[in-house]
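Comments concern the structure below.
What follows is calculated from the coordinates using simple rules that are stated; it is not laboratory data. As the structure is a prediction and not an experimental result, all values here were calculated from the model. Quick reminder, even Gly has a Cβ in these numbers, built from the backbone with ideal geometry, and neighbours come from all protein chains shown.
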Amino acid sequence: MNGTQWAFIGVFFVLALLFPALPIVLGHFMGPRRPNPIKNDVYECGLKTYGTPWVPFKVQFYLFALVFLIFDVELVFLYPWAVAYGVLPMFAVFEGILFILMLAAALVYAWKREALDWYEPTMPEATD
Amino acid sequence: MVPLGAYLLLSAVLFTLGAFGALARKSAVAILIGLELMFNAALLNAVAFWRYLHPQGFEGTVFAIVILAVAAAEVAVGLALFIAVYRRFGTADADDIALLRG
Amino acid sequence: MVTTFLFGLIALIMVLAALVAVTNRNLVRATMGLVLVLFGNAVLFVLLEAYFLAMAQIIIYIGAIAILIVFAIMLTRHVGEDWGPAFHRAWPWALVIAGGLGGALLFWMVRWPGGQNTPAGQVDPNYVQALGQALVNPQGYVVPFEVASVLLLAALIGAIYVAWGGRRVKGPYPQRAEGGER
Amino acid sequence: MGAFLRDPSVLVEWLRALLMSWGLSAGLTELVLYLLGGFALATGPMLWVIFLIWFERKAVARFQDRLGPNRVGKFGLLQPFADVLKLMTKEDIIPEGADKPLYWAAPILSVAGVLLLWPAIPLGLGIGGNLNVGVLYLIAAGTLGIFAILLAGWSSNNKYALLAAFRTVAQLVSYEVPMVLVLLLPVLLARSLNLQDIVQAQDVWFVVYVPLAALIFLIVSIAEVGRTPFDLLEAESEIIAGFHIEYSGMKFAMFFAGEFLHAFTIGILTAVFFLGGWRGPGADIYPVLGILYLWLKGFLVYFVVVWIRATHPRIRIDHMLNFSWKFLTPLALTLVTVGAVLDKVVVGWGVWPRALAHLASNVVVALVTLQLVRAWARRLPRPKVGEPRPVARPQPQTQPQPASGD
């Protein structure tokens, strides 16, 4: 039963890629094509772009992704626990709760270290 | 059904490629990518063995779960080190950072 | 038959993508190669009927780890700049070492008869539930389960400390920005 | 006809017999059937999107006391088709320095990521998805959309696109945590990852058990789609668009088709998880009726989403992230803990007492949360009313500037 479901999803995956791809390819060939350097230029508020599209990104981005990663990994492992819930004894429930508390501890740590705050670049930079 | 050997072969090839990447690449992130490839080869091996040898048991799955957790932890700390090093030295290439060489 | 064909196709894609991942100078493209390998791995897990692990693989590896890698690249690299040579000078040695390792693995595997004639067993349809029970069972795998969570917590603390360090500004941002003079 | 209403699989059987009678082999027959099913499942939502675009424009226009599209066709119903035609014939501009393969892949992936949610959704009794890891499948399919955004931002070779992609991904990633947490509750209540089982377990809708979780799920889903009030990063009516700034023509349209379809899909998902899915009077006997119920419930939630879009202003990005990490995530953690412990206690109580016990716990948690938020809000510095406020960031005015020569 599951095998056929997954086979269907496999076929559907190909279709799901083809469905948006078709109109895009069609539109690519239906539309006119008169490229010129100004039209193809990268948008930059009406100015000519200079330099590379490099922006000094903040560490905050990394920190958000980091906390997310830890949460994601632990939560995925919590799902089998939730599925088996009906047949678990009471102490197993508390093991799961312990796991959740660990997550809460991670959250509290990240919060206290201000890893979850969003700093604007105009803010006075802290000294390294 | 594909024989167990095919999975092992594929995972061996991936592992080799990953090892080469981890050893030969210049950038620290690329080294991490090579390590991830090696982790994945191990993961594939664990799951293939679980499926063929002991599908009723949990050893293979638990092993895979631990690999996943370790890979996540490794990437998190590795990249954090990489960012810290970049801010300190202004470079991200592993062999430019020769501090430990003394 | 279909499974064999599918396996061959996926294996081919995975090896090519792995080649991209270890040789491409552009790190974002290398990461995309890695993502393809990870995805192929998940498809193989589905073929192996390890459905839970296949989903965990996609959610954790592609959904979180790959994104983290891309973020780290963007944080430190000038996106449009020359990425420099992919390998360091001693790369032939790496080739030798990795090749020797791979050769030894292959030699071992070809000689092992189990690779050809091990029959595949049956997977319990309620495997996820059984796994959940085993993960919190003191006679089962509660130790790896809890140790994994502690490990992740430690990794989080370490990573935040290393990447963010002792940086502190005096107050949180919103009050300072909105309060004006106050 | 009656047989079809009672058991839609007769249609499949009939098709299979037909194909076999044409001399197709068994394997090929299955493949053709899968392809047909896949086509139906993909075409349905894609055509539905065209209607949704019309509906949303019309609804938002009504909210704002306008008429909305009313020129092409009756009630402007043909307007989306005209739009599609127009977009089709637009020039496909590829910016200089774009990373071509990834630039093309991004809009395709963003639609595919939404379409791929559909095969897991149970449409009726015995129709649609029946995966034993359905919930995890939904979360996994969602990661594809995140990648599409990252690719679009990176491959466009544009500062704004890249920055917007980063911010959007940070937002999506932040809101995924409470979503994954909150989805633990239906799984826990139904004791299964299978969406069909989750629907079957809802003799009493889960929104009665855990209304707070349902609310969090709805909010988080809206944020995952990136709609108002969470669409600061692409506020298309005010600033330059977000990660898709360099996209034009059909590629641009695909990002929007993906967004509209996703908005409707979260309506369906909310219905599946919390509003009893396809369940309704008579749906057990006539599974086709179940599709109608699911569609109605999903559309209702979708209407609420549109309503929120038409009503609420945008949220600033730091507030948006704080809202997820410092409010929704702790709340979801609390809800999961309370729900888990409580469910062990009330497990033998029968359906309604169990539901009411959960409801009571949710009400308590909600009241405590409100008190905490109120206490927190009281400590916030309040701007004084009536005092002149600086328009922009105030400059330090310690001493008057020396007058320059002119």
Problem set entry | the range D:254-269 - phi-based ³J(HN,Hα) in whole Hz, Karplus 6.51/-1.76/1.60, Gly and Pro as x | 5, 4, 6, 4, x, 5, 5, 4, 5, 4, 5, 4, 5, x, 4, 5
For this session: Rank C:152, C:12, C:75 by mean-square fluctuation in a GNM of chain C with C-alpha springs under 10 angstrom and give only the top-ranked residue.
Result: C:152
Exercise. Could you work out Rg/(2.2 N^0.38 Å) for the range D:102-234, with Rg from alpha carbons only?
Worked result: 1.17
Problem set entry | For q = 0.06, 0.07, 0.08, 0.09 Å⁻¹, Debye-computed log10 I/I(0) when each Cα of the protein assembly as shown counts as one equal scatterer | -0.39, -0.54, -0.72, -0.93
Problem set entry | residue D:307 paired with residue B:1, simple spin-label distance in nm, labels 7 Å along Cα-to-beta-carbon | 5.4 nm
For this session: Run the quick spin-label model on residue D:84 and residue D:385: label points 7 Å from Cα toward the beta carbon, then report their separation in nm to one decimal.
Result: 5.2 nm
Problem set entry | Gaussian network model of chain B, springs between alpha carbon atoms under 10 Å - residue of B:46, B:76, B:22 with greatest fluctuation | B:76
Exercise. Among rounded, prolate and oblate, which fits chain C when a ≥ b ≥ c are the square roots of the eigenvalues of its C-alpha gyration tensor, a/c under 1.5 means rounded, and a/b larger than b/c means prolate?
Worked result: oblate
For this session: Calculate the radius of gyration of the Cα atoms of the range D:169-304 to one decimal place, then report Dmax, the largest Cα-Cα distance, as a whole number, both in Å.
Result: 16.8, 52
Seminar exercise, completed: In the structure shown, of D:58/D:90; D:58/D:159; A:58/A:112, the pairs separated by more than 27 angstrom at the C-alpha atoms are D:58/D:159
For this session: Please report how far the C-alpha centroid of the range D:249-320 lies from that of the range C:1-77, rounded to the nearest whole angstrom.
Result: 31 Å
For this session: Compute the relative contact order of the range B:4-101 as a whole-number percentage, counting only Cα pairs closer than 8 Å that sit 6 or more residues apart in sequence.
Result: 27 percent
Exercise. What is the range C:1-159's relative contact order, in percent, from Cα pairs under 8 angstrom and six or more apart in sequence?
Worked result: 15 percent
Exercise. For the range A:2-112, what value does the Rg/Rh ratio take when both radii are computed over Cα atoms and Rh is the Kirkwood radius, given to two decimals?
Worked result: 1.22
Exercise. Between residue D:35 and residue D:67, what length comes free when the chain is fully extended (0.36 nm per residue of separation minus the Cα-Cα distance, one decimal in nm)?
Worked result: 7.4 nm
For this session: Assuming R0 = 45 Å, can you tell me the calculated FRET efficiency for the pair residue B:54 and residue D:4, based on Cβ-Cβ distance, to the nearest 0.05?
Result: 0.50
Seminar exercise, completed: Here Rg/Rh (Cα, Kirkwood) for the range D:28-131 equals 1.07
Problem set entry | Ellipticity estimate at 222 nm from DSSP helix runs (n ≥ 4, -39,500 (n - 2.57)) divided over the protein assembly as shown, nearest 500 | -22500 deg cm²/dmol
Problem set entry | GNM result for chain D, Cα springs below 10 Å: residue of D:302, D:175, D:160 fluctuating most strongly | D:160
Exercise. Once both labels are modelled 7 Å past Cα along the beta-carbon direction, what's the residue D:13-residue D:285 spacing in nm?
Worked result: 2.0 nm
Seminar exercise, completed: Over the range D:1-88, the quotient of the Cα radius of gyration and 2.2 N^0.38 Å is 1.66
Problem set entry | Relative contact order (%) - chain D, alpha-carbon pairs under 8 angstrom, separation at least six | 19 percent
Exercise. Dimensions of the range D:90-376 along principal axes (Cα, Å, largest first)?
Worked result: 66, 51, 31
Exercise. Given 0.36 nm per residue, what is the gain on full extension from residue D:75 to residue D:352 after removing their alpha carbon distance, in nm?
Worked result: 95.1 nm
